[in-house]
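Notes for the one structure printed next.
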There are 2 protein chains.
Amino acid sequence: MSEYTVGVIGALGAVGGQMRDILAVSSINIGEVKMFERPELEGKTAEFAGEKIPCEVATPEALSECDLATMSAGSDVSKKLAPMAANAGCVVVDNSSQWRLDPEVPLVVPEVNPEDLDWHEGIVANPNCSTIQMVVALKPIHDNYGINRVVVSTYQAVSGSGSDAIGELKSQTEDIVNGEEPKAEVYPHQIAFNALPHIDVFRDNGYTEEEMKMVNETKKIVGEELEVSPTAVRIPVYRSHAESVNVQTELSPDVREVREILADSPGVAVEDDLENNVYPLCTRAEGKDEVFVGRIRKDPTIENGLNFWVVADNLRKGAALNTVQIAESMVERGLV
Amino acid sequence: MSEYTVGVIGALGAVGGQMRDILAVSSINIGEVKMFERPELEGKTAEFAGEKIPCEVATPEALSECDLATMSAGSDVSKKLAPMAANAGCVVVDNSSQWRLDPEVPLVVPEVNPEDLDWHEGIVANPNCSTIQMVVALKPIHDNYGINRVVVSTYQAVSGSGSDAIGELKSQTEDIVNGEEPKAEVYPHQIAFNALPHIDVFRDNGYTEEEMKMVNETKKIVGEELEVSPTAVRIPVYRSHAESVNVQTELSPDVREVREILADSPGVAVEDDLENNVYPLCTRAEGKDEVFVGRIRKDPTIENGLNFWVVADNLRKGAALNTVQIAESMVERGLV
């Protein structure tokens, strides 16, 4: 069994930390790991499987020693660094939005379109969090009934905006508990005890970047025929995104059959027992690997349609976990 | 100008308090007000326009002195008391769900279907909070473009479940801030920093009562042709419900024209200036009378469609305010 040298680029960031934890227990036979950070952090150590590893600067030479690397260092860094790594012979699984819609770069959720890994040219992109959990739930339904159209409204956790946003929800909540005026710095408005229909910047068509990611990434991952009409909303939850999903299908879906199909699908866990108040919850999904689906019911307003509720940990399946699963799939498929 | 004797049934409840405040500044020329409560609370005083008025028990004799009364005392009480009041010659505007779908009782949002008041037989029903704000936004769009189908996901405040729920969100938030384990008593799961896709009880078809109210009440208020596919979700917000609404229309809606039509519609305020991060917010709608609409944009996944975001104060327009507006309309139309 081959041993692989694996790099973690952006090792000390929030996602980088998750990446190290998940890589350490992955199926990849890791011979050596290398930690990469920006020059200011050179020499700082990152823990990996109990070992403290000093961070290096990602030069072509250092990268050439890696078989593959995960990259979570933002779009600007990725724009320069990912081709440099690929040219040095290190396959990059990139967590930024930089390469996602590039026609030469596969955009992959391993449960959905692992075959797209086969045409990689050194860079593979990890999709956006809100897209990943949705397509994991959509794919089995699409395969069985043919989805034409999706209307989705999201309920997204602040951790999707990084650690400053987590701090902002915490401090605003404390201010309100203590009868003080909350201050908004990360978000344009108070997020505590509020709902903001605004994630990422607005485009001219009135949709946000976050919403357009759901539109375009879903097409690239599942199929061009999938039309998504999204509304992305931030709510005062720390971790796990929820999504209210409405699908219109070609064939008539039977709800019990849909439940069975989803329960048998990789990466999906069905939580749908209304008598016992069991349905997916942000609090319960935290730290878990699965995409949870529940409240599955017929939509009687169209000939063939369904409503359901999808929840997943945005920092795991929505980010680091899917990135590592891409790396695992590439190793399994002999692509590294 | 006639003077009216007005009763407030359930005067000391949370909605009753709002009812008194709003009635006191209403357009109705009130000669006398009478406060009604259950026998245990007889003699307790309720403030009305600065005056303390002792509560009476709602007997047919006492009710016969009223020209009209607002009733917010729950479905069970309303089932007995509303017909009793109507028989005593007191027109009742009822805030419970008891009479909403009764074919002999008008279900009214004054901006939408005031003409239904004309066939009242002594009882008029006030719709559910999540329905009211939605139909105020839908009606002008329906009148101009013809709506076939609505897909809606709600973001509902805990105050919709009463004062115990407000207390539960508060105490769970404090527990979490203080590092203690939050306790769930009012809701089946933790509501603080979570999202519960569960409002009211589940029906056999997999939808909740709250969701079915949106389906059935919308048909009764706006028109049987309106098909609503709803998902109702409770989020950790104290006050004001938000709704992500997708509509499919007969005619092609122009977004700028829709904005103008809505801005000119009674009871609607358009907040839709993306450049300046202006869109409806729960925190900003609190205490206001209008239904706020924003993020109005074309849905490119269907021939004719729109997405938008609707927010209103669930305790005012969603409850007491609409009830008082019904009473005002009845007086204006000479129906009392």
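In table form, for the structure just shown:
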item: Scan of segment B:284-309 for residues that are in a strand (DSSP E or B) and either among the acidic types (Asp, Glu) or touching a Pro at 6+ places or on another chain (Cβ under 7 Å) (or both), ordered by number; result: B:PHE292, B:VAL293, B:GLY294, B:ARG295, B:LEU306, B:TRP309
item: Test for A:ARG38: is it within 19 Å of A:GLY160 (Cα to Cα) and surrounded by 14 or more Cβ atoms within 10 Å (Cβ to Cβ); result: no
item: Filter result for the condition that a residue is in contact (Cβ under 8 Å) with a residue 24 or more places away in the chain and under 21 Å from A:GLU211 (Cβ atoms), over B:VAL237, B:VAL278, B:VAL247; result: B:VAL247
item: Selection from segment B:233-247 of residues that are within 7 Å of chain A (Cβ to nearest Cβ) and assigned to a loop (DSSP other than H, G, I, E, B); result: B:VAL233, B:ILE235, B:PRO236, B:VAL237, B:TYR238
item: Residue within segment A:248-271 that is within 12 Å of another protein chain (Cβ to nearest Cβ), touching an Asp or Glu at 6+ places or on another chain (Cβ under 7 Å), crowded, with 19+ Cβ neighbours inside 10 Å and more than 23 Å from B:TYR187 (Cβ to Cβ) present; result: no
item: Residue match in segment B:4-23 (condition: assigned to a loop (DSSP other than H, G, I, E, B), on the phi < 0 side of the Ramachandran plot and surrounded by fewer than 17 Cβ atoms within 10 Å (Cβ to Cβ)); result: no
item: Selected residue (only one of A:ASN178, A:ASN144 is over 21 Å from A:LEU262 (Cα atoms) and of a type in the set (S, T, N, Q)); result: A:ASN178
item: Segment B:172-197, subset more than 27 Å from the chain's Cα centre (by Cα) and not aliphatic (A, V, I, L, M), residue surrounded by the most Cβ atoms within 10 Å (Cβ to Cβ); result: B:PRO182
item: Condition broken by B:ASP118, with the remaining ones in (1) touching a strand residue (DSSP E or B) at 6+ places or on another chain (Cβ under 8 Å); (2) surrounded by fewer than 21 Cβ atoms within 10 Å (Cβ to Cβ); (3) in contact (Cβ under 8 Å) with a residue 60 or more places away in the chain satisfied; result: (1)
item: Residues satisfying the stated conditions in segment A:137-158, i.e. assigned to a loop (DSSP other than H, G, I, E, B) and surrounded by fewer than 24 Cβ atoms within 10 Å (Cβ to Cβ); result: A:GLY146
item: Per-region count, segment A:285-306, residues touching a residue at least 12 places away in the same chain (Cβ under 8 Å), at the interface with chain B (Cβ under 9 Å from one of its Cβ atoms) and on the phi < 0 side of the Ramachandran plot; result: 7
item: Unmet requirement for A:GLU104, which otherwise passes all of (1) surrounded by fewer than 21 Cβ atoms within 10 Å (Cβ to Cβ); (2) assigned to a helix (DSSP H, G or I); result: (2)
item: Conditions (1) within 17 Å of A:ARG100 (Cα to Cα); (2) within 11 Å of chain B (Cβ to nearest Cβ); (3) charged (D, E, K, R): number failed by A:GLU217; result: (2)
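Coordinate-derived values only; no laboratory data. Everything quoted here is computed from the prediction, not taken from an experiment. Counting neighbours? That spans all protein chains shown, and the Cβs are built from the backbone with ideal geometry, glycine included.
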